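Scroll down for the structure; my scribbles are underneath it.
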Amino acid sequence: MTTHLVWLRNDLRINDNMALAAACRDSQANVIALFIATPQQWQQHHMAPKQAAFIQQNLLLLQASLAERGIPLHYHQCDDFAASIDYLVEFCQQQQVDALFYNYQYEINERERDVQAEKRLDAQSVICQGFDDSLLLPPGSVQTGSNTMFKVFTPFSRAFVRRLHQSLPECYHAPKARDGAPISIKKKIPAFDYPCEAFDETVFPAGEEAALKQLRHFAKQAVQDYPDQRDLPAIDGTSRLSAYLAIGVLSPRQCLHRVLKEHPDALNEGKAFTWLNELIWREFYRHLMVAFPALCKHQPFVDWTRNVDWQQNEAHLKAWQQGKTGYPIVDAAMRQLNTLGWMHNRLRMITASFLVKDLLIDWREGERYFMQQLIDGDLAANNGGWQWAASTGTDAAPYFRIFNPTTQGERFDKQGAFIREWLPELKEVPDSDIHQPQVWAQKNNKKLDYPAPIVEHKDARKKTLDAFERARSAA
Ligand code: FAD
């Protein structure tokens, strides 16, 4: 009997999992699965303790789903990628594995690990098959007329949709139960040797069932309101599926097909398309990371921005991290991040802009801090988002476009409903003054347990413009 091994990494699901589906195609094969935890590598990626806990819980559920289908999930923990390759090779020998199936990861170290692993296994005559599973379309498959990667999103998105019109990527069913299923679980996935922190299970219930339920609900109704509500953080107007997509509990193909089932016209603009276009942003940043691997090393895409004279200011960085800048929308957002491990997209833009353009702090500090907190931390999307906000990335906000944190708050949280949810110390402040509570306190002779703004936006803006202009002329 041949033995097929599925090496699970960022694809913690049984539905629409290309590697798993391919491994199970031969109904006679003995199929086993393996997950190797690499805490040292996670540390290097600054993986958030909440994300680690989310992975662990999802793995436990996945182990049960696989066992029902007669597929044992083995688990091993080792320090780094080199040790994980050694273990994989040894495991394949022990289990007499004939073929390895895995889904690609596109970060530079992960790709290098896979190349090395394939080389070693090839020498042992283990057949290796990799799959472009975490994307709708493989990197490199959507290119400009001169066969290069797009550097601007809108034409990328248009070309992407044209490709989807030509042929839709298919969804793969969960594998059928193997002979002898179900099997008992000999050893449950243990706790990781990595800091794990409880996450809010009412907001992010673990498991594929929960993710699919959320997707079904969102695709049926909320996707129609998405264009009007997606920028309003007080409203639950976005899908909140990013945590599942980031670790592969859900696939983008499942998202696409579900939306098309409910709204068959969704690829032809319209309301549901607005949401699909966000999934295309996700693809854009991943395709970019493959085309420009230096992004994985946190290099700016726009070269001259290396010359920006960033400020080192520990007190300002701390105030931003803790949500104590004196700008209510920024502080409420940071507290949402610190509590939930998730932040609304509009607020990610506002807080990122504040760190870079008001405090003139290097965007990499913010990128790192977000990764340390986010349950949906994803190198490509996070790097893309930060470089967009910092004006250092491809198709980024121009450096002279600087968000005013007060007017952003007034625009997207008019009555301050979101601010009040996260800043209870401002509950006394009337709606009309919620974005400048210090002015209200002074006018009314009140004492607020809330800081004064740590910088004056107008001055900060000027300082940043000067710094960017100096950097540009020095190039
Ligand atoms: P929805 O609005 O429902 O969007 C659906 C899905 O599309 C998301 O789940 C996500 O997978 C994808 N998506 C949406 N917007 C973007 C975007 N701008 N770029 C890439 N993918 C997108 N997203 C992450 O998944 N991980 C990150 O680490 C991350 N860091 C970010 C950092 C900054 C500074 C910024 C500005 C954005 C970042 N984003 C990141 C993108 C976006 O903010 C989140 O994907 C979104 O807020 C997740 O909420 P949702 O699932 O409700 O999104």
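For every residue, the table says whether it meets (1) within 26 Å of Ala294 (Cα to Cα); (2) in a loop (DSSP other than H, G, I, E, B); (3) in contact with a strand residue (DSSP E or B) (Cβ under 7 Å, 6 or more places away or on another chain).
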position: Gly393; (1), (2), (3): yes, yes, no
position: Tyr399; (1), (2), (3): yes, yes, no
position: Phe403; (1), (2), (3): no, yes, no
position: Glu428; (1), (2), (3): no, yes, no
position: Ala460; (1), (2), (3): no, no, no
Condition check for Gly180: under 23 Å from the mean Cα position of the chain (by Cα), of a type in the set (Gly, Ala, Ser) and away from the ligand (no atom under 16 Å from the Cβ):
no
Return yes when Lys297 is among the charged types (D, E, K, R) and within 19 Å of the chain's Cα centre (by Cα) and no when it is not.
yes
I'd like to know if region 328-346 contains one or more residues that are among the polar types (S, T, N, Q) and crowded, with 23+ Cβ neighbours inside 10 Å.
no
Here the qualifying pairs (Cβ atoms under 8 Å; residues six or more apart or on different chains; first in region 320-346 and on the phi > 0 side of the Ramachandran plot; second more than 16 Å from the ligand (Cβ to nearest atom) and of a type in the set (S, T, N, Q)) come out as Gly326/Gln438
How many of the residues in region 79-104 are surrounded by fewer than 19 Cβ atoms within 10 Å (Cβ to Cβ), modelled with pLDDT of 95 or more and in a loop (DSSP other than H, G, I, E, B)?
3
If you check Pro155, Pro139, which single one turns out to be under 21 Å from the mean Cα position of the chain (by Cα) and of a type outside the set (Phe, Trp, Tyr)?
Pro139
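One line per residue, one yes/no per condition, for (1) more than 28 Å from Asn58 (Cβ to Cβ); (2) within 12 Å of the ligand (Cβ to nearest atom); (3) in a helix (DSSP H, G or I); (4) modelled with pLDDT of 95 or more:
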position: Thr351; (1), (2), (3), (4): no, yes, yes, yes
position: Phe354; (1), (2), (3), (4): yes, yes, yes, yes
position: Lys357; (1), (2), (3), (4): yes, no, yes, yes
position: Glu367; (1), (2), (3), (4): no, yes, yes, yes
position: Met371; (1), (2), (3), (4): no, yes, yes, yes
position: Asn383; (1), (2), (3), (4): no, yes, yes, yes
position: Gln387; (1), (2), (3), (4): yes, yes, yes, yes
Is region 305-317 home to any residue that is part of a helix (DSSP H, G or I) and within 14 Å of the ligand (Cβ to nearest atom)?
no
From the list Phe199, Phe160, exactly one residue is in a loop (DSSP other than H, G, I, E, B), at pLDDT 95 or above and not aliphatic (A, V, I, L, M). Which is it?
Phe199
Would you be able to say whether some residue in region 390-407 is surrounded by 23 or more Cβ atoms within 10 Å (Cβ to Cβ) and in contact with a Leu (Cβ under 6 Å, 6 or more places away or on another chain)?
no
Taking the criterion of being within 12 Å of the ligand (Cβ to nearest atom) and either modelled with pLDDT under 95 or out of contact with any helix residue (DSSP H, G or I) (no Cβ under 7 Å at 6 or more places or on another chain) (or both), would at least one residue in region 321-332 satisfy it?
no
Looking only at region 243-254, decide whether some residue is of a type in the set (S, T, N, Q) and under 30 Å from Ile71 (Cα atoms).
yes
Can you pull out every residue in region 457-475 that is exposed (fewer than 12 other Cβ atoms within 10 Å of the Cβ) and closer than 25 Å to Gly323 by Cβ?
Lys458, Asp459
Residues in region 146-156: is at least one of a type in the set (Val, Ile, Thr) and either in a helix (DSSP H, G or I) or modelled with pLDDT under 95 (or both)?
yes
Scan Pro264, Pro205, Pro233 and give me the residue that is more than 11 Å from the ligand (Cβ to nearest atom) and within 19 Å of the chain's Cα centre (by Cα).
Pro205
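Conditions tested, residue by residue: (1) at pLDDT below 95; (2) within 16 Å of the ligand (Cβ to nearest atom).
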{"position": "Lys176", "(1), (2)": "no, no"}
{"position": "Lys186", "(1), (2)": "yes, no"}
{"position": "Pro190", "(1), (2)": "no, no"}
{"position": "Ala211", "(1), (2)": "no, yes"}
{"position": "Leu215", "(1), (2)": "no, yes"}
{"position": "Asp225", "(1), (2)": "no, yes"}
{"position": "Ser239", "(1), (2)": "no, yes"}
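The values are calculated or read from the model by the stated rules, or taken from the named source; none is laboratory data. Computed from a predicted model, the values in this text were never measured in an experiment. Heads up, the Cβs are rebuilt from the backbone with ideal geometry, glycines too, and the neighbour counts pull from every protein chain shown.
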